[in-house]
């Protein structure tokens, strides 16, 4: 029975590790479905992580941290929107700029304010999102074999941002598929001229998408600093924004498959941590780095069209200019 | 007299220094099918884009159903009851038919009710007009004809009383076009007003009640279809211009140099752009292609120049059959086939480069311009200076950025570059498009001199008078085929206009 | 990059617009300094003194400049072909591995053979790692931007694996190789110049700086004087005209990415062979990304890249000195400036061009 408990622990850690990916992936999905390429997810999560830790420390409230994280991330989103939508600048260049800006600014400010090498002070008590225990978790664990254990260990016992992140997938899927805004958004990423001739503002839609992208990155960053960890560490996003980008590509820009990809990448990460220095029977020691590199390698192979076909929104990355 | 559906007066629109519409007035009766004809660039699409709110006119008044309207955006046009079917469909290919139809007219924040209403409306329209379509099909999977049907349904769903169609048959097969015309008649019977923009005279004669002719941004004629004829329309489109005279003596042509047999080209959608096209170019003659733009002339040039793969057919150059490896631009240049492309800014030049750098485009590997891996700027500049002087390029400054030269001087840079390489065959596309009068004369004289020197020249131009003035023989093209051949000495404009409209095809 | 819709005189386009955007970026940095309660003027004075006020400072400044010349040129060459190579970090990482392998495996060779071979090996490693994304774009249609991002992470995990499991120093817990032999490293500048009677303080500045200067000249010659450079610029400016001129855009894409990767390899030459004398983790330290700012600011021209690299060299060295005096201002400030420069000189180029154009018009009217 011990291996079941081990699996439960790995799955639990997989979920924790996949949350930042999930938020950033949904964020990227919104932006790119509207036709704005965003490689600045990383930077937005980073600035959100910093801002949320600062606010949570100052106010002692994790929720205030979440608000500040979202605000900071949306501000960077608007910078990206200003460059990419209003000034029709290069979206890749703008994304790179945002990543660097966030990487530098968080450390500079953190160091200036707290003088702890860029870290923020440790968050305690209500300044962190506590783990929520879902109803009947203990009872299920006691009375229902296996499933009860999984319910208590894997599903229950996470901070509020985790459940918000999962809700964001549901919401994204619903809004995209079933609402007017979602329909217009899907259309503007494929053929902005069609949206324009239907009498709808291309600029307005794209700014809307970019702001939602900022909100979701804000959630992801806040989770990192105020829920998963107890404060901000320099460069704590560590490439998660780019793995999220990979997940979006992998999912062909669709929400549910993106959830799957994020959980898969989170699981790979959890397994890599678990397997560190462990020799598997028959295989020997698996290099952890091979597992860590897997999402990136898989994305390259997918993009090259060796497995399946990746079809990004047709107008993504292209500023909209009325044709003569 | 029934009220006018559309009354435009004094519409003008400039794009920079270019006047796309000059003081255009137009009246269209309600419940009629009204054709607007003109050559490419005559200003038809601009006028309709103004009517649809895609551009705002610099001056002029728009009245819809008798009421003066400010149309500043497509939303205003839709509110005024105008629907438009663009030449390039404004559809989202990844969405379903019903999603495309309700886009912008969803009704409420939730799609559910809007979709339900659209389905009911689609069923009604299917019954009224026979416009049957699967509402859940993905638009990208539909045939071009059905996609156009979605565009029309989109307009009707928004309650359009006026339907504008921009070159609707350009992408349709003949049976699909016939279906479309039946639909337009049905719409008219229901009291809708239809505006049909086209350059195909046959369609005008078949389906319209009245027709307006545009030329060079101006409205030149308003005619009742029943009282006009294709020759009259062709003449109005092309215009009775001051005849261009080019001094040239009759020459005896030499041996065949370039032969093409049975060329065929298809685009990605399988539409035939060139069909079973054969032609022969002899040394010392200019063969002109007459045709309304978009009838396969561009593809013909590109196939012969090695820029486009043909799906079938054989090309012989100097008696030798060209295999695939030979049909690359670099190899063809070595074999003596030079090409002055139709669009100098998009294809013939790198406008961000200096004039001197453009003077060697395509000849960058030539040992005359440097040794080994490197180029010699002084030699390139000297070469540019010599040719610019010989071709009177102004200003004769090889260091100046090419974008800063006028159209005529840019064209001279291209012309000088290709002619100075002593071609055996020269493909020339739109040699004088956007070129001032002085330069036109210069370019024409150069081409004649080249022909007299024994070069075989293929000339493609939308300017019929240019084709007539320069050519020894004229081939008319329509729909990717050659519809007739005339000796330039005996050809007349009416006759060619009919061939260009494909009228010969019916007689044959 | 995107076409310039606003017509400006050449001097304004090449000089004024970058200057204005850099000035605006420094202004933003000044505001940040002000925001954390320090004086921007004092900080600037300290920074300049730290970077240029002593022979030692200048040595360090030029050592950093070396890195930025290589990574800036790498991005610039790709720009000329219309490509955006974000993979400088990864290409430099692989180049470092190749350099280290050459230094360790070919150790029996004499220095005059070993050092050039190791440099070539680094260039080859970087070129290979740049070529693959170019090849994937040319033949499989996968975009260079995304592929190079992914390749950065793949390189980062690969070097950990190699250092921990394969080529790490035996018996050491540190993820690094053994030190290279004394004849396998690049000569420090202060040693090189000592026989000439110049007594310079010991700094990391080494002969890789000379290689960087030579690269500036070589890339200028390649881009603006060679047939290949002509083809690269044609593909970058107008791929249709390139096809018309008989130039294969696919071939040029692969070649340009290989050259770009080889240049990024110069970073490894300076850091691994010139300074650290062993391969270790994270020696690329974000220099690859700053290279994007250098290339954008330098307008892709080697002279501009050289000047922009010098500016970042000053900022890096001065920033390090500044953070001694003012612990509140860390060197990450330079990363902020880099980010803002990329934003202003790259993504918001249109805004700054408009700004400069209207400024010029006002000036003319006055």
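The values are calculated or read from the model by the stated rules, or taken from the named source; none is laboratory data. The shown structure was predicted, so the numbers you read here are calculated from the model rather than taken from an experiment. Virtual Cβ from ideal backbone geometry, glycine too; neighbours counted across all protein chains shown.
Under 30 Å from residue C:56 (Cβ atoms), part of a helix (DSSP H, G or I) and modelled with pLDDT of 95 or more: is that true of residue C:136 in this structure? Steps first, please.
Values: under 30 Å from residue C:56 (Cβ atoms): no; part of a helix (DSSP H, G or I): yes; modelled with pLDDT of 95 or more: yes.
So residue C:136 does not fit the description; no.
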What is the one condition in (1) more than 11 Å from every other protein chain (Cβ to nearest Cβ); (2) over 26 Å from residue A:25 (Cβ atoms) that residue A:112 does not satisfy?
(1)
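Modelled with pLDDT of 90 or more and closer than 23 Å to residue B:7 by Cβ: which single residue out of B:196, B:277 fits that description? Explain how you work it out, then say what you get.
Values: B:277 fails: closer than 23 Å to residue B:7 by Cβ.
The match here is B:196.
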Taking helices (runs of 4 or more DSSP H) that fall entirely within region B:283-379, which contain at least 2 residues that are away from chain C (no Cβ under 11 Å) and in contact (Cβ under 8 Å) with a residue 40 or more places away in the chain?
B:297-304, B:355-358
Filtered residues of region A:266-290 (kept if touching a residue at least 12 places away in the same chain (Cβ under 8 Å) and more than 9 Å from chain C (Cβ to nearest Cβ)):
A:266, A:267, A:268, A:269, A:270, A:271, A:272, A:273, A:274, A:275, A:276
Could you please let me know if residue A:231 is in contact with a helix residue (DSSP H, G or I) (Cβ under 8 Å, 6 or more places away or on another chain) and away from chain B (no Cβ under 14 Å)?
yes
More than 7 Å from chain A (Cβ to nearest Cβ), touching a residue at least 24 places away in the same chain (Cβ under 8 Å), under 21 Å from residue A:298 (Cβ atoms) and assigned to a helix (DSSP H, G or I): which single residue out of C:122, C:155 fits that description?
C:155
So which of B:239, B:191, B:159, B:217 is at positive phi and out of contact with any strand residue (DSSP E or B) (no Cβ under 9 Å at 6 or more places or on another chain)?
B:191
Subset tally (residues that are in contact with a helix residue (DSSP H, G or I) (Cβ under 9 Å, 6 or more places away or on another chain) and in contact (Cβ under 8 Å) with a residue 60 or more places away in the chain) for region B:65-79:
1
Give me the pairs: first residue in region B:99-111 and facing another protein chain (nearest Cβ under 7 Å), second residue assigned to a loop (DSSP other than H, G, I, E, B) and modelled with pLDDT under 90, beta-carbon distance under 9 Å, and six or more apart or on different chains, which are they?
none
Inside region A:171-223, can you point out the residues that are in contact with a strand residue (DSSP E or B) (Cβ under 8 Å, 6 or more places away or on another chain) and buried (at least 18 other Cβ atoms within 10 Å of the Cβ)?
A:180, A:197
Requiring at least 3 residues that are in contact with a helix residue (DSSP H, G or I) (Cβ under 7 Å, 6 or more places away or on another chain) and buried (at least 24 other Cβ atoms within 10 Å of the Cβ), the helices (runs of 4 or more DSSP H) wholly within region C:275-366 are C:287-297, C:302-325, C:332-341
Is there a residue in region A:150-172 that is within 14 Å of chain B (Cβ to nearest Cβ) and outside any helix (DSSP H, G or I)?
no
Take the residues in region A:301-320 that are more than 11 Å from chain C (Cβ to nearest Cβ) and closer than 16 Å to residue A:193 by Cβ, then tell me which one is surrounded by the fewest Cβ atoms within 10 Å (Cβ to Cβ).
A:314
Here is a list of conditions, (1) within 17 Å of the chain's Cα centre (by Cα); (2) under 26 Å from residue C:342 (Cα atoms); (3) surrounded by 24 or more Cβ atoms within 10 Å (Cβ to Cβ), and residue A:84 meets all of them except one; can you say which number that is?
(1)
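Looking only at region C:84-106, count how many residues are assigned to a helix (DSSP H, G or I) and in contact (Cβ under 8 Å) with a residue 60 or more places away in the chain. Before you say what the answer is, go through the steps one by one.
Taking region C:84-106 first, the residues assigned to a helix (DSSP H, G or I) are C:88-105.
Subset that is in contact (Cβ under 8 Å) with a residue 60 or more places away in the chain: C:88-101, C:103-104.
Residues that pass the stated criteria total 16.
Could we say that residue B:84 is outside any loop (DSSP other than H, G, I, E, B), within 13 Å of another protein chain (Cβ to nearest Cβ), closer than 30 Å to residue B:268 by Cβ and in contact (Cβ under 8 Å) with a residue 40 or more places away in the chain here?
For residue B:84, the condition - outside any loop (DSSP other than H, G, I, E, B), within 13 Å of another protein chain (Cβ to nearest Cβ), closer than 30 Å to residue B:268 by Cβ and in contact (Cβ under 8 Å) with a residue 40 or more places away in the chain - is met.
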Per the list (1) closer than 21 Å to residue A:183 by Cα; (2) within 33 Å of the chain's Cα centre (by Cα); (3) surrounded by fewer than 16 Cβ atoms within 10 Å (Cβ to Cβ); (4) more than 14 Å from every other protein chain (Cβ to nearest Cβ), residue check on residue B:140 breaks on (4)
Determine whether residue B:126 is away from chain A (no Cβ under 11 Å), part of a helix (DSSP H, G or I), without any contact (Cβ under 8 Å) to a residue 60 or more places away in the chain and within 16 Å of residue A:198 (Cβ to Cβ).
no
Restricting attention to region B:418-453, the residues that are outside any helix (DSSP H, G or I), crowded, with 16+ Cβ neighbours inside 10 Å and in contact (Cβ under 8 Å) with a residue 60 or more places away in the chain number exactly 10
Expected single match for within 23 Å of the chain's Cα centre (by Cα) and closer than 19 Å to residue B:501 by Cβ among B:223, B:201 is B:201
Can you name every one of the helices (runs of 4 or more DSSP H) wholly within region C:208-260 that holds 1 or more residues which are touching a strand residue (DSSP E or B) at 6+ places or on another chain (Cβ under 6 Å) and within 14 Å of chain B (Cβ to nearest Cβ)?
C:208-225
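Can you go through C:184, C:155, C:218 and tell me which one is within 25 Å of the chain's Cα centre (by Cα), surrounded by fewer than 20 Cβ atoms within 10 Å (Cβ to Cβ) and at pLDDT 90 or above?
Working: C:184 fails: surrounded by fewer than 20 Cβ atoms within 10 Å (Cβ to Cβ); C:155 fails: surrounded by fewer than 20 Cβ atoms within 10 Å (Cβ to Cβ).
Testing whether each residue is within 25 Å of the chain's Cα centre (by Cα), surrounded by fewer than 20 Cβ atoms within 10 Å (Cβ to Cβ) and at pLDDT 90 or above leaves just C:218.
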Quick check: anything in region B:387-410 more than 13 Å from chain C (Cβ to nearest Cβ), under 16 Å from residue B:346 (Cβ atoms) and surrounded by fewer than 16 Cβ atoms within 10 Å (Cβ to Cβ)?
yes
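Rundown of residues vs (1) away from chain A (no Cβ under 14 Å); (2) outside any strand (DSSP E or B); (3) at pLDDT 95 or above; (4) more than 18 Å from residue B:80 (Cα to Cα), yes/no style:
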{"residue": "B:14", "(1), (2), (3), (4)": "no, no, no, yes"}
{"residue": "B:19", "(1), (2), (3), (4)": "no, no, no, yes"}
{"residue": "B:34", "(1), (2), (3), (4)": "yes, no, yes, yes"}
{"residue": "B:42", "(1), (2), (3), (4)": "yes, yes, no, yes"}
{"residue": "B:47", "(1), (2), (3), (4)": "no, yes, no, no"}
{"residue": "B:50", "(1), (2), (3), (4)": "no, yes, no, no"}
